[in-house]
1. Calculated FRET efficiency, LEU117 and ARG304, Cβ-Cβ r, R0 22 Å, to nearest 0.05?
2. Determine the dipole magnitude for the chain: charges of +1 sit on the beta-carbon of Lys and Arg, -1 on that of Asp and Glu, nothing else is charged, the reference point is the Cα centre, and the result goes in debye to the nearest 20.
3. So, in Å, what gap is there between the alpha-carbon centers of the stretch 151-220 and the stretch 350-365?
4. At 222 nm, what value in deg cm²/dmol follows for the chain if DSSP H runs of at least 4 each add -39500 (n - 2.57) and the sum is divided by all its residues, to the nearest 500?
5. Measuring from label point to label point, each 7 Å out along Cα→Cβ, what is the ARG217 to ASN83 span in nm?
6. Sort 448-461, 591-604 by the packing proxy (mean of other Cβ within 10 Å over each peptide's residues), most packed first.
7. Helix 11-41: angle to the longest alpha-carbon principal axis of the chain, degrees 0 to 90, nearest 10?
8. Step by step: find N for the stretch 219-364, compute 2.2 N^0.38 Å, then divide the Cα radius of gyration by it. What's the final number?
Amino acid sequence: MPRQRQTIKDPAAELRLFRKRVVLVLALMALIGGLLVARLAWLQVVQHDRYATASHNNSIRAEVIAPARGIITDRNGTLLAENVSSFSLYLTPENVPDLDATLRGLEALVSLRPADLERLAQLRRNRPRFEALVLRRYLDESEAARFAVHRHNFPGVELRGDLSRHYPHGPLTAHVVGYVGRVNETELVQASAEQRATDSIGKSGVEKSYDAELQGRVGYQEVEVDAQGRRLRILNRSRAQPGTPLRLNLDLDLQLAAKTALAGRAGAVVALDPRDGQVLAMVSEPTFDPNLFVGGISVEDYQRLLTNPERPLMDRALRGLYPPGSTIKPLMALAGLTSNTVRPTDHVWCPGWYRLGNSPRRYRCWKREGHGQVDMHRAVPQSCDVYFYDLARRLGIDRMHDSLSRFGLGALTGIDLPGELTGVLPSRAWKRRVRKEIWYPGETLSAGIGQGYNTATTLQLAMATALVASRGTTPTPRLVPPPLGLPASAAEHPPEASAQQWQTVSDGMHAVVSPGGTAYRALQDAPYSAAGKTGTAQVFGLSQRADDRGRDVAKHLLDHALFIAYAPFEAPRIALAVLVENGVSGSGTAAPVARLVLDAWLLGEGDR
């Protein structure tokens, strides 16, 4: 058999191969090690701030502390708007693993309205995921207790104690104090940090006018949380600054007296101090409960208010426009005197109607049989329409407009409340601009007795009355006094008249509440002297047939009743205007309301 060959090993070659492999492995290990070191250096050095912040945010959460809204009181310190404790449900989106399942589970424990869910969806679109969002405010105690028991089932959801707005006198001050409501999607775009934090904003009244002052300033805190977002401890805190409290010029007792005097009838009462323009009372009836709007009113409640035929949401003192009727006759008398159109002793014959030139139309006086021979001294207290028809014709519409505008008619009073309307003080230029028509002479006669195109708010009539009482010096009406409130300013073009002319008009208004005057019965036994003027505002026009005067009409077509007054006559401390919708008679309906308000202010306890 042939001999097998034996493989001769080459130790040197094997050693060289081994060394190559070792070098290769070491080089590979060095490369991997270098990459790891480089990555570690990148993460630990270059990206240190980024990941340190991310790590911090995993356990530390920054939260906004909502400020307490400033309280509102009347002039005597009685609370009109306060803050009360309540429970709110908050949800932090980034800590909720399954939002839909979480919301379904919560609905079994607390009441979640469609509006709450829509609000949450809106906030999620506009807020960062790490920010806690309000899901539901004002949980009752049973709802709060049920959630607390099942809290562990809802990561990212927590119950917090909050402050909510409350109006202890509700409807009594609803229109003037106003209310706060949840910030809507439009408001959210430009909402301040305070409005975002509290999720509320002043919607009307003083709450809206002075929202910035009432909001306060937000605070911030750092909170350590666990993996489910539950709070563990507070690390740092910057306290919120509460809003500034407001003390109004309003007197709650007088406000209640005015509301009581209206006795449930639709209307308005505005009372001012003619010396400085302070708003003492401002009532609009019917009214509503502003507490319904805090935190968001339900669709059902809001529709109920909107569809109420008595329109409780309408502020009749500030936005109700009515013909001023005969309440402008003292202003007309002053216009006649200051323009030298008439003298106090000039007479006009009143047969019960007035005819313009050769026109067959008769403009009737409220007194069918007429007043006979009247001058200014009788025309104002007797409210003779024929006298003022003739005065209007002699003045002309443009001079009437210029004179009456000095009393603030047809313009904003400038009160520190939102939503005021101007009304209409007609002129040739106004009709040409607004109605694209020429002015007719007969329209001047209607304007002369406060009818036709004339419309005014109860606030404007109160301001005009205050200007008569102060002889043209009453400043802008104000609810909030300085330094927080806007400074009161004098009228740009105040009414100007001589002392004798002012006295003639004032004496005429004093005669209205004296024997023989149209409002004598309402104030005949008052222990103070006063001045006033009755008025009726025609809701619809009667035909020229005399027998139409007494026909039956529906209640909503009856004339509105008006009365303006100030007292005491010698040194006025209160001026007011009263409107009663469809009240028919200024002397029989509105004047008694004014009497009760004057009594409450002038005969009440304490030094006014």
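The values are calculated or read from the model by the stated rules, or taken from the named source; none is laboratory data. Fair warning: this is a prediction, and the values are worked out from it, not measured in the lab. Note that each Cβ is placed from the backbone with ideal geometry, even for glycine, and that neighbours are counted across all protein chains shown. Ligands, DNA and RNA are stripped out before the accessible areas are found, and what is left, the full protein with its side chains, is counted by its heavy atoms. Shrake-Rupley method; radii C 1.70, N 1.55, O 1.52, S 1.80 Å.
1. 0.50
2. Dipole of the chain, to the nearest 20 debye: 2360 debye.
3. Each part's Cα centre sits 59 Å from the other's.
4. -10000 deg cm²/dmol
5. 1.5
6. Values: 448-461: 26.4, 591-604: 21.6.
Final packing ranking: 448-461, 591-604.
7. Compared with the principal axis, the helix lies near 10 degrees.
8. 1.92
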